[in-house]
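Data block below; observations after.
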Amino acid sequence: MDLKQSKLSNKEIIAAYKVIKETRKLDERLWQLNRIGKSTFNISGQGAEVGQVAMAMAFNSQEDYFLPYYRDMAAVMSFGTTAKDILMGSLGKKDDPASHGRQMPNHYGDKANNVISFSSTVTTQYPLATGIALALQVDKKPGAVLTVTGEGSTAQGDFHEALNFAGVKKLPVVFVIENNGYAISTPNDQEFGTDDLSSRAIGYGIQGRKVDGRDFAETYLAFKEAAEFAKAGGGSTLIVMDVDRLTAHSSDDDQRVYRDKAEIEEMKENDCILMMEEQLLDENILTIEELQEITTSIDQEIEQATLDAEAMPDPEASEIMTHIYETGGH
Ligand SMILES: Cc1ncc(C[n+]2csc(CCOP(=O)(O)OP(=O)(O)O)c2C)c(N)n1
Ligand SMILES: [Mg+2]
């Protein structure tokens, strides 16, 4: 679909593109920091940025809640987390908003922007999302809850438990499966026996649909409808969003061992960001000069954010137990 079919203004589309581009640049920086030994780990959403930002734009970080998974950097940035915040998480800094340096890199969390920290144990964010949605429903609050997991992670029991509960209670949740074709090295045809994971929704009495996460307008419109449906009391939607995984599973993996060279090359040629840039030019939303200016200014921003994050203090050894258990809570 054309970008303009999203019915977003040019200004909103350009703002979305900037987050997409900034995330890609930031992720490339995180790989560099890992390879020179400054951060311990990185796991990328390269190839999913367009879909993630289109998804996140259908929500509002003041009244809605977001329970992401480790590849969701672009969506998290769309909710308001900054490049410096994410860099502080990867460098284990004291002021990292996700966990004050306690969590692994890419385990996003940002209380100020309603992004809820999550576990490395895949899919545990799904039942947590239903709990938050139940609280919103009981308290008659207006928000909806967005939560994401990978397609391989749908084999976990948490997936069934969350969708079942959401169906019973008609909870305001948008459940997302980011299908990037693989669970580490296991391809889709070894992960599940259906061609369409969204068909699982019907068994829980909720809506199911599939979107091409490389298509900005199609993705945005699908999520907008699902968010509105949830907020109007209609209940949950399960959305399968097809994306690419341009990198290896993580900085500890090498996908050349289990993916064909041709498959990787083809994916890179159809990179969702290149496709969006072509659309921005074709639809006269940006000129080539403006695109280049955006790239230059993002390069500078990431450079500065890296310097700023590196200069931040590390956690004190004496505070090792703080931020681990809730104190004075209710
Ligand atoms: C319960 C559990 N089992 C196994 C793992 C190890 N693990 C981490 S990521 C991953 C693959 C998940 O694949 P998918 O859900 O498709 O997400 P993707 O990484 O492809 O985005 C696995 C098996 C884990 N973290 N938690
Ligand atoms: Mg996957």
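The values are calculated or read from the model by the stated rules, or taken from the named source; none is laboratory data. No experiment lies behind these values; they were computed from the predicted model shown. Note: ideal-geometry Cβ built from the backbone for every residue, glycine included; neighbour counts use all protein chains shown. Surface accessibility is based on the protein's heavy atoms, side chains included, excluding ligands, DNA and RNA. Shrake-Rupley method; radii C 1.70, N 1.55, O 1.52, S 1.80 Å.
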Inset, instruction - Check whether at least one residue in region 39-61 is over 13 Å from the mean Cα position of the chain (by Cα), open to solvent by less than 10 Å² (accessible area, probe 1.4 Å) and free of Cβ contacts under 8 Å to residues at least 12 places away in the same chain, and report yes or no. - result: no
Inset, instruction - Tally the residues that are touching a residue at least 40 places away in the same chain (Cβ under 8 Å) and within 13 Å of ligand 2 (Cβ to nearest atom), restricting the search to region 166-213. - result: 13
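Could we say that residue 168 is open to solvent by 10 Å² or more (accessible area, probe 1.4 Å), part of a helix (DSSP H, G or I) and either out of contact with any Phe, Trp or Tyr (no Cβ under 9 Å at 6 or more places or on another chain) or of a type in the set (A, V, I, L, M) (or both) here? Break it down into steps so the answer makes sense when it comes.
Numbers: open to solvent by 10 Å² or more (accessible area, probe 1.4 Å): yes; part of a helix (DSSP H, G or I): yes; either out of contact with any Phe, Trp or Tyr (no Cβ under 9 Å at 6 or more places or on another chain) or of a type in the set (A, V, I, L, M) (or both): yes.
Judged against the criteria, residue 168 is a match.
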Inset, instruction - Please determine, by comparing only the residues of region 142-160 that are within 14 Å of ligand 1 (Cβ to nearest atom) and part of a loop (DSSP other than H, G, I, E, B), which one is farthest from residue 174 (Cα to Cα). - result: 156
Legend entry - Those residues of region 94-119 which are in contact (Cβ under 8 Å) with a residue 40 or more places away in the chain and either farther than 18 Å from residue 27 by Cβ or in contact with a strand residue (DSSP E or B) (Cβ under 8 Å, 6 or more places away or on another chain) (or both), in sequence order: 94, 95, 99, 100, 101, 102, 108, 113, 114, 115, 116, 118
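Which of the residues that make up region 204-248 are among the polar types (S, T, N, Q) and either open to solvent by 50 Å² or more (accessible area, probe 1.4 Å) or outside any helix (DSSP H, G or I) (or both)?
Filtering region 204-248 for residues among the polar types (S, T, N, Q) gives 207, 219, 236-237, 247.
Listed by number, the residues that qualify are 207, 236, 237, 247.
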Inset, instruction - Keeping to region 171-185, report how many residues are touching a His at 6+ places or on another chain (Cβ under 8 Å) and either of a type in the set (Asp, Glu) or assigned to a loop (DSSP other than H, G, I, E, B) (or both). - result: 2
